[in-house]
Every structure is written in C-alpha cells, then in structure tokens.
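Quick one: this structure, given as structure tokens, is what I'll be asking you about.
The values are calculated or read from the model by the stated rules, or taken from the named source; none is laboratory data. Note that the structure is predicted; figures quoted are calculated from it, not measured. No Cβ is skipped: glycine too gets one built from the backbone with ideal geometry, and neighbour counts run over all protein chains shown.
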Amino acid sequence: MRPTQGPFPTTRLRRPRATPALRDLVRENTLSPGDLIWPIFVRDGDGVTEPVASMPGVNRLSVDRAVEAAREAAELGIPAICLFPYTSPAHRTADCAEAWNPDNLSNRATRAIKDAVPGIAVMTDVALDPYSDTGHDGFVRDGRIVNDETVEALVRQALSQAEAGADIIGPSDMMDGRIGAIRAALESTGHSRVALLSYSAKYASAFYGPFRDAVGASGALKGDKRTYQMDPANSDEALRCIERDLAEGADMIMVKPGLPYLDICRRAKDTFAAPTFAYQVSGEYAMIMAAAENGWIDGDRAMMESLVAFKRAGCDGVLTYFAPRVARALAG
C-alpha cells in the first residue's frame, strides 16, 4: 500500500531537488557506460571512414577502423558493440548465400575485433536483408516472404557468426520459430555459450530510414515489411512475441524502435523480468542530431534525457549510436 504523504508544508516535494547533491541522492534511475551497446557499420576496404549523410557523426568503417572503434569502446567502459555490414550490390543475391559465407564482412570484422580486443562482447545481426536483392529479411517467393525456408537460412547465418566468435547473436528478422531453431543449432554444434538477444518486438516503423541508408538497403527494398514486422498499434501482441521467444531459448529480449515504444519496454519488464533492451534507432538519433545542429534543442541534454527514459521504462540496456559520446560525457 502506498504510504500517505503529509499535507503542505509538512511535505514539500521540492526539498530533495534543492541542490545537486540532494538530487544525486534521491535519483531513481542512473545511466552508465555499462548500459550501452554501440552499433557500428562496417564496409570493405582499408583505412576507410565514410560518413553516413543521414546520420551526422556516424560512419561506415573498414574492418581495421572497426577494430579501432572496439578499442575505444573498451576504453570507455562500453561492454558490447553490434556489427552491421554495408554489403556491396555484387553480394546481394536471391539466395542470400553471402549471409553464411565464413569470410563475409561481418564475420571478418568479428574475428578481427575478438583478436584485438578479446574482452569486448561482439553482437551480430541475423537477418537476410543485407544480403538480399529484394532488401527483405527473408526469402521472397511469388511476392510473399516465406517463413520456414527463411528460418533454415537464418540458422546457417547464425552458425557462421558463432564460428567467427560472436558473443551475442541478435535475430532481427521477426520470422516465426527462428529463436528455437537457432538455439537448437547452437546447442548441437558446441556453441551453447553464445547468447541470443532476440528482437522480439520489432515494429514496422518509419524510424528506420537512415539505417537503411547506412547499410545500403534503401534502394534494394521492394515493397514493405509489414507482413513480418509488428503493427505499431499493437501492444498485447508484443508480449505474446516476447513470451514465445523466451520459451524458445532467448536469453535477452529487445524492443525496437525505442522512444515511441517505451510502454512496451515497461510492460515487457514488468511481465517477464527478463533482461530487456531497446534500440534507439537511426531515425531517433537523426532527429535529435538534426534539431541540435539547427539550434532548436540542446543536443547533449536531449541525448542524456532520451537514454535515461529507457532506464526509467525498465530497460537493462540500450543500443544507441550515441554510445561513445554518452560514455565520454558520463566520464566528465
């Protein structure tokens, strides 16, 4: 039962806000570098740092530069990075075979980072869209995204990433049954220690545009993804998806996008008490950066406020492009 507060002036709710020291003492949620996962875009080449026009301050990095970023993350206390490949059109095919090529861009980057910075956790993305000539997360047959055939391919992709040394595998495809299939395959091939951070509640959102630019998928996408990504109007369905993924072997769950879906984060944490993450996606990042660059908001304060909102909503961590900037700010 909620305790009863005394009437004014016995109770003055402004008292604990009076000084920085008092505010620190009563703060309910805190943010640390250990709460962050830094998404990094990798591309072919050597010594390449290529700006992403729609995401100010974010770059596509060649593998050697991605290794440098991993070192920076470790020095800043960021425990994990997440790799997303910018795949050349030549490797985008109907059969998506590059997705499980042991020497594809993501796997090469994983091996290089784990060799150079073994203490950092490397997360990888499981979905076919970086390797598909249609831009979809699954195989397209007669105009439809087929589920079961796609799951077989996702298992092959996940196993190739585990072999390359990935610590966390992030299935972002939203196919039915893929968590159970991937978990069974990992267990049967000696990769039982590899964690699954499932994009369990991934919505068909308008906030993904800059990301698709960053991975080169915007021009390739034919149609939309609403037959497999969730309807933004639905909340109960998200809990059903999360419950299924946890039952199938997910170690952690993800809500994506982030800020427009804080209610889903809160419901997920309260219902399942599982490790819960959100992805502050490219569109969220780009909006804050664009407004800050135009002088309409204080970018640093908006950045920190947006991330504290995830902690307040029950998230254990956040994937965010702000990660290194936040970690530096927290270090003073």
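Tell me which residues, restricted to the stretch 62-85, are farther than 14 Å from V122 by Cβ and touching an Asp or Glu at 6+ places or on another chain (Cβ under 8 Å).
S62, D64, listed by residue number.
Which members of the stretch 70-86 meet the condition of being in a loop (DSSP other than H, G, I, E, B) and free of Cβ contacts under 8 Å to residues at least 60 places away in the same chain?
P79
Across the stretch 1-38, what is the number of residues that are in a loop (DSSP other than H, G, I, E, B), closer than 27 Å to V318 by Cα and of a type in the set (A, V, I, L, M, F, W, C)?
Adding up the residues that qualify gives 1.
Name every residue in the stretch 194-219 that is of a type in the set (G, A, S), under 15 Å from A127 (Cα atoms) and at pLDDT below 90, in order of residue number.
Answer for the stretch 194-219, where residues must be of a type in the set (G, A, S), under 15 Å from A127 (Cα atoms) and at pLDDT below 90: G216, A217.
List the pairs whose first member sits in the stretch 131-149 and is at pLDDT below 95 and in a loop (DSSP other than H, G, I, E, B), whose second member is aliphatic (A, V, I, L, M) and exposed (fewer than 13 other Cβ atoms within 10 Å of the Cβ), and whose Cβ atoms are under 9 Å apart, counting only residues at least 6 apart or on separate chains?
D133/A94; T134/A94
Identify the residue in the stretch 87-126 that is at pLDDT below 95 and in a loop (DSSP other than H, G, I, E, B) and, among all such residues, is surrounded by the most Cβ atoms within 10 Å (Cβ to Cβ).
In this case the residue turns out to be T87.
What pairs can you find where one residue is in the stretch 283-309 and among the aromatic types (F, W, Y), the other is in a helix (DSSP H, G or I), and their Cβ atoms are less than 8 Å apart, with a gap of 6+ or different chains?
If the second residue must be in a helix (DSSP H, G or I), the pairs left are Y285/P210.
Mind checking which residues of the stretch 269-316 are under 23 Å from R244 (Cα atoms), of a type in the set (A, V, I, L, M, F, W, C) and more than 18 Å from the chain's Cα centre (by Cα)?
Within the stretch 269-316, F272, A273 meet the criteria.
In the stretch 161-209, what residues are in a loop (DSSP other than H, G, I, E, B), buried (at least 17 other Cβ atoms within 10 Å of the Cβ) and without any contact (Cβ under 8 Å) to a residue 40 or more places away in the chain?
H191, V194
I'd like the full set of residues that are over 27 Å from A185 (Cβ atoms) and in a helix (DSSP H, G or I), limited to the stretch 228-244.
D236, the sole residue that qualifies.
To continue, here is another question. Tell me yes or no: at least one residue of the stretch 26-48 is more than 24 Å from the chain's Cα centre (by Cα), farther than 28 Å from E305 by Cα and either among the charged types (D, E, K, R) or crowded, with 20+ Cβ neighbours inside 10 Å (or both).
yes
State all residues of the stretch 245-282 that are part of a loop (DSSP other than H, G, I, E, B), touching a residue at least 24 places away in the same chain (Cβ under 8 Å) and not β-branched (V, I, T); if no residue qualifies, say none.
Residues satisfying the conditions are G249, A250, D251, P257, G258, A274, P275.
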